[in-house]
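The values are calculated or read from the model by the stated rules, or taken from the named source; none is laboratory data. Fair warning: this is a prediction, and the values are worked out from it, not measured in the lab. Cβ atoms come from the backbone with ideal geometry, glycine included; neighbour counts cover every protein chain shown. These accessible areas exclude ligands, DNA and RNA; they are computed on the full protein's heavy atoms, side chains included. Shrake-Rupley method; radii C 1.70, N 1.55, O 1.52, S 1.80 Å.
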Amino acid sequence: MILDCAIIGGGPAGLTAGLYTTRGGLQNVTMFEKGMPGGQITLSSEIENYPGVTGDITGMDLMDPWPEQCKKFGLVHDMSEVVNVSKVDNIFHVTKEGSEVVEAHSVIVATGSVPRRAGFKGEDEFFGRGVSTCATCDGFFYKGKEVAVLGGGDTALEEALHLTKLCSRVYIIHRNGSFRASPNTIARVEKAENVEIIYNATVDEVYGDNMGVTGVKINLENDEKRDLSVPGIFVFVGRNVNNGVLKQENGTFLCELADGGQVQVDINMNTSCDGLYAVGDLRIDAAKQVVCAAADGAVAALQAMKYVDEKLHS
Ligand code: FAD
Ligand code: NAP
């Protein structure tokens, strides 16, 4: 059997593509999601900018009903990691971990992004033992303790605010003299009583013992140093796109990429390869918002439906 559409990734973009393709009448649509559907927003302690959502809800609360809604229209969730997408004789080959190949007439890639490493000494050694990229997941381990947060974007500041509710003190270390997060979030951080902002500072090293992190050494302006005795540091320094599935055996990519590795698409989410669409955080110029990722998924689904119809019936 050849799928009408294979969707890689089950975040807001992939799930919305799944909803629109199945409800729009495509047959045999499978969404490959290596974990639980929902995507990176499920790690967020709070979402307040999804239209129509007025209560205090977590990212997990927001995403919880999405897979159920898709299932109602026939979307199949295959809980597998896809390792490669290629095109042979106008049919896509979706290779899963373990080498099983699934064929599809069209493919929507919605693999999103993963946290970037900052590159300081001890980051890899202590990852999961005091170095974390998820306050919602790990914040509880630092209840009543002091922690550090690295970064100055929306993620760093929002997650720092979450940590202020659990921890006695939150040091925000930022390499710049001002934050790039939204003004509303900056104002909340500046008002928080148990936050200390350390501007123009970089992390030199995270150190510790067999049990985990015990401190963070930072470089300040004018070559001054500071040592924070904290058992944990949360690193929020941006994200890298997951474009690996598009890499071909000869080292090229199935479609055109931009310099940062984001997939080049036009306004309809068409990539440079016919029948292949890229959506959400993965694509060039993504606004990196749940509502935008969802919208991309819908646009790509409408394109895929048209493409498959023309391919099979003309
Ligand atoms: P993702 O959500 O990254 O989903 C991609 C999915 O693909 C993942 O589930 C992953 O497991 C899966 N996947 C990846 N590779 C493979 C593979 N090879 N095979 C199978 N499955 C694969 N946005 C807002 O609008 N409001 C907010 O308040 C907000 N807060 C945020 C807070 C945090 C902490 C973070 C990290 C992000 C936040 N964002 C927020 C941004 C928002 O979460 C993203 O823009 C959005 O989730 C992008 O959706 P996506 O579907 O493109 O990708
Ligand atoms: P981001 O906006 O790219 O911010 C990354 C931060 O990390 C920046 O402050 C950057 O410093 C700093 N940084 C980068 N590399 C560093 C390094 N090696 N060492 C130290 N600091 C480093 O990433 P993000 O906060 O994850 O947000 C990603 C996208 O998702 C953004 O578009 C954001 O708006 C969106 N998002 C939105 C919401 C929301 O709508 N509520 C919530 C979360 C995320 P500089 O500032 O000096 O460059």
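Listed values, structure above:
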item	result
In segment 115-130, the residues that are away from ligand 1 (no atom under 16 Å from the Cβ) and outside any loop (DSSP other than H, G, I, E, B)	121, 127
Number of the condition not met by residue 84 [criteria: (1) within 12 Å of ligand 1 (Cβ to nearest atom); (2) in contact with a Cys (Cβ under 9 Å, 6 or more places away or on another chain); (3) farther than 30 Å from residue 185 by Cβ]	(2)
Hits in segment 144-163 - residues which are within 14 Å of ligand 2 (Cβ to nearest atom) and either touching a Cys at 6+ places or on another chain (Cβ under 7 Å) or part of a loop (DSSP other than H, G, I, E, B) (or both)	151, 152, 153
Single residue of 182, 106, 178, 168 found to be in contact (Cβ under 8 Å) with a residue 12 or more places away in the chain and assigned by TED's automatic domain parsing to the domain that holds residue 89	106
Filter result for residue 12 (at negative phi and loosely packed, with under 15 Cβ neighbours inside 10 Å)	no
Matching option when the condition is open to solvent by 50 Å² or more (accessible area, probe 1.4 Å) and hydrophobic (A, V, I, L, M, F, W, C), among 253, 179	253
Residue within segment 271-288 that is assigned to a loop (DSSP other than H, G, I, E, B), open to solvent by 40 Å² or more (accessible area, probe 1.4 Å) and farther than 27 Å from residue 154 by Cα present	yes
Enumeration of residues in segment 267-311 that are away from ligand 1 (no atom under 12 Å from the Cβ) and of a type in the set (S, T, N, Q)	268, 270, 271, 272, 303
Unmet criterion (only one of (1) farther than 29 Å from residue 160 by Cβ; (2) away from ligand 1 (no atom under 12 Å from the Cβ); (3) hydroxyl-bearing (Ser, Thr, Tyr)) for residue 16	(2)
Which numbered condition residue 42 misses (of (1) more than 17 Å from residue 300 (Cα to Cα); (2) among the hydroxyl-bearing types (Ser, Thr, Tyr); (3) out of contact with any Gly (no Cβ under 7 Å at 6 or more places or on another chain))	(3)
Strands (runs of 3 or more DSSP E) wholly inside segment 164-215 that include at least 1 residues being over 24 Å from the mean Cα position of the chain (by Cα), more than 28 Å from residue 289 (Cα to Cα) and not acidic (Asp, Glu)	169-173, 202-209
Residue in segment 13-23 that is assigned by TED's automatic domain parsing to the domain that holds residue 271 and in a loop (DSSP other than H, G, I, E, B) present	no
Filtered residues of segment 134-150 (kept if under 18 Å from residue 59 (Cβ atoms), open to solvent by less than 30 Å² (accessible area, probe 1.4 Å) and not hydrophobic (A, V, I, L, M, F, W, C))	139
Odd one out for residue 140 among (1) closer than 30 Å to residue 209 by Cα; (2) outside the structural domain of residue 171 (by TED's automatic domain parsing)	(2)
Meets criteria (within 13 Å of ligand 1 (Cβ to nearest atom), of a type in the set (S, T, N, Q) and buried (at least 17 other Cβ atoms within 10 Å of the Cβ)) for residue 262	yes
Members of segment 189-208 that are farther than 24 Å from residue 116 by Cα and either of a type in the set (Gly, Ala, Ser) or open to solvent by 80 Å² or more (accessible area, probe 1.4 Å) (or both)	190, 191, 192, 193
Those residues of segment 24-49 which are within 16 Å of ligand 2 (Cβ to nearest atom), assigned to a loop (DSSP other than H, G, I, E, B) and touching a residue at least 60 places away in the same chain (Cβ under 8 Å), in sequence order	39, 44, 45, 46, 49
